[in-house]
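What follows is calculated from the coordinates using simple rules that are stated; it is not laboratory data. The structure presented is a predicted model; accordingly, all values stated were derived computationally and were not measured. Here Cβ is always computed from backbone atoms with ideal geometry, including for glycine, and neighbour counts include all displayed protein chains.
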Amino acid sequence: MRKYFVFLTLLPLFGCSHEHHFNTISPLPAHETLNNNKKTHIQQQMIIHTPHVQTEKTLPRKIILDAPLIKQNPELKYGCEVTSIAMMLQYAGTPISKIDLYKRIKKDPDPIIKSGKDIIQWGDPNEGFVGDMTGKKAGYAVFDKPIENLVNFYLPNCAVNLSNQPFTVLEDHLLDGYPIVVWTTGDYRLPDRWEAWKHHNQTISTPLDLHAVLLVGFDQNYVYINDPLSGRKQVKVNKTQFISSWIALKSRAISYQKYE
């Protein structure tokens, strides 16, 4: 709080402003009156002009990272996860190919058992890749924990598991300069092809139209992804729609962070 003191003939005047900037002061002319034949000076009047306060506008949160694009086909028909990881690791400066990652990723060896078109028994994508990634046989997917371990193999102690976090946390991570592998569907919409099968003593319930992409950017209304299946870079997708599909896929997200 700033105070301005003006000393006059008889009485001190002071004014204060609650603004954190300087004020301009405009004096009014002094006046004289007579009271009981005695001249009394009326103190000088003051008008305090406060400049118009302009609040600084907050710039919209947005970023697009220039991560390389790698296609999963033709070698890895079901290799969207490892191909997305290859894009992320190459962006991080680690020259690893999708085939290197295909060979290194942990796999669940349980074979598929079907009854007609229904899957009765198969592997657990939480433990390793389920099925054949090349597409020569039936293949499915792998979830975040085996991918996190894979990233740590090439970037020791640098993997960051952002699963089950609010999407704003992913945005903050992008703003820090790190792309993120996220799980969605092939058309980035809510999944509609659910399947369930037995794995030992548990039931695996998951959509078959699952997909993994590299999240490289966002703005107020859209997200931007490198899609290893369509082979398109920085694909612009409605943000609300994409987040809905991501949440339906259990909000899985893997990235990395390099520490000084």
- Task: Give me the number: length gained by fully extending Phe153 to Gln257, i.e. 0.36 nm times residue separation minus the C-alpha to C-alpha distance, one decimal in nm.
- Result: 36.1 nm
- Cut-off 19 Å (backbone N to label point 7 Å along Cα→Cβ of Asn126), residues of the stretch 170-186: 183-184
- Task: List the equivalent ellipsoid semi-axes of the stretch 63-256 in whole Å, largest first, each obtained as the square root of 5λ for an eigenvalue λ of the Cα gyration tensor.
- Result: 26, 19, 15
- Sequence order, the stretch 217-224: Karplus ³J(HN,Hα) from phi using 6.51 cos²θ - 1.76 cosθ + 1.60, θ = phi - 60°, Hz rounded, Gly and Pro as x, gives x, 6, 9, 5, 10, 9, 10, 10
- Filter on Lys62/Lys236; Lys77/Lys258; Lys77/Lys250; Lys114/Lys136; Lys77/Lys137; Lys106/Lys145 - keep pairs with C-alpha separation over 21 Å: Lys77/Lys258; Lys77/Lys250
- Message: So for the stretch 98-166, considering every pair of alpha-carbon atoms, how many percent are separated by more than 21 Å?
- Response: 32 percent
